[in-house]
Amino acid sequence: MKQFLFVLLMLSLHITLAAQKDSVKPISNKTPVPKPALSAKPVGAAKPKLDSLKKTIIDSARLQQDSSKARDSLAQQRVLDSLQLDSTKRQLQQQILAARPDTGTYAKFLYSKYLPFQQPALQQFSQERKRESQELLFYILTGLVGILAAIRLIFPKYFKNLFLLVMQTSVRQKQTREQLLQNNLASILLNFLFLASTGLYVSLLAQHKHWVNLPFYQLVLYSCLLLLVVYLGKFLFLSFSGWVFNVSDATNSYTFIVFLVNKVLGILLIPFVLVLTYSPEPIMQVATTISLGICCILFVYRYLIGFGAIRNNLKVSALHFFLYLCAVEILPLVLIYKLLLDNLTGSI
């Protein structure tokens, strides 16, 4: 039985292998079936498809590049828009802060228009301020007023007769003159007051008119010394002339009139010195004009009264007196003025 089954199995395997072998190999007696030949296409026909493919690829690449550029430009535009928006926001914030200042303890003072702390810094160069103090001039003027007040209180009769003599007639002038000559101390103090007040007046006038370029107190000293030299020289000259020509009465009368007018002028110039020192420009101009007018009137009065006193004692004419004025009083002043211009200012 086993042998029989083994034989059947072998037969079945043989039959199976034979069937497979026949299916693989075709029957040789059959005519071969011709294979369909591929249709030969020309070479030039394949190239348009390749070119179109290349164009498509290039177009797609360009589209991708354009799209990337568009995306980049959009991104840049977004960045710029965001930066501009930030700047506008920052400006709006600054404007809001500027419109609403801080009202703290000390911060509110930073927004004052007189303290521009929010403005850009400025560079400024300034020169050293030269301090011009007038304290010494104030004390000098106070001393002049004090000397005048002391003379008025100590010598009231002399002070009163001084102004009465100017207005009196020639008959009573002799008596008043004798009363004034008896008080030498008051005469010396008033002569000193004349030198000081007139020297200050001339210095202030020269400084205001810019006649010389000198320090003020040096100019005051030169003015006082000039007046002292002029009137001391005139007194010595008249005294010597009266002694030489034996006309002492005439020269003494003229000398007394000259110094009398000087005393009155020294007293009258003190208010004008105060005005010229501490007044503004318009008031200073008015004070200068009035004071110069008073000086001219007093000098004309001095020469007229002096000529009358000399003519009573001496037989002189108006021409001789005029020649005396030109030779003794006007010419020395002109020479001194020329000397001061040459030495002090360096101009001719």
Reported set for the range 117-141 where residues are under 28 Å from Tyr201 (Cα atoms) and charged (D, E, K, R) is Arg129, Lys130, Arg131, Glu132, Glu135
Of the listed residues (Val300, Val275, Val286), the one being more than 19 Å from Gly199 (Cβ to Cβ), within 40 Å of the chain's Cα centre (by Cα), in a helix (DSSP H, G or I) and not small (Gly, Ala, Ser) is Val286
Counting only residues in the range 278-311 that are touching a residue at least 40 places away in the same chain (Cβ under 8 Å) and polar (S, T, N, Q), the one surrounded by the most Cβ atoms within 10 Å (Cβ to Cβ) is identified as Ser291
Of the residues in the range 211-236 that are over 20 Å from Phe194 (Cα atoms) and hydrophobic (A, V, I, L, M, F, W, C), the one that is modelled with the highest pLDDT is Leu214
**Report entry** Tyr201 of a type in the set (Phe, Trp, Tyr), buried (at least 16 other Cβ atoms within 10 Å of the Cβ), modelled with pLDDT of 90 or more and within 27 Å of Lys338 (Cα to Cα)
**Finding:** yes
Among helices (runs of 4 or more DSSP H) completely within the range 89-189, the ones holding 2 or more residues that are under 21 Å from Arg302 (Cβ atoms) and modelled with pLDDT under 70 are 170-181
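The values are calculated or read from the model by the stated rules, or taken from the named source; none is laboratory data. What you are looking at is a predicted structure, and each value in this text was computed from that prediction instead of being measured. Ideal geometry is used to build each Cβ from the backbone, glycine not excepted, and the neighbour counts take in all protein chains shown.
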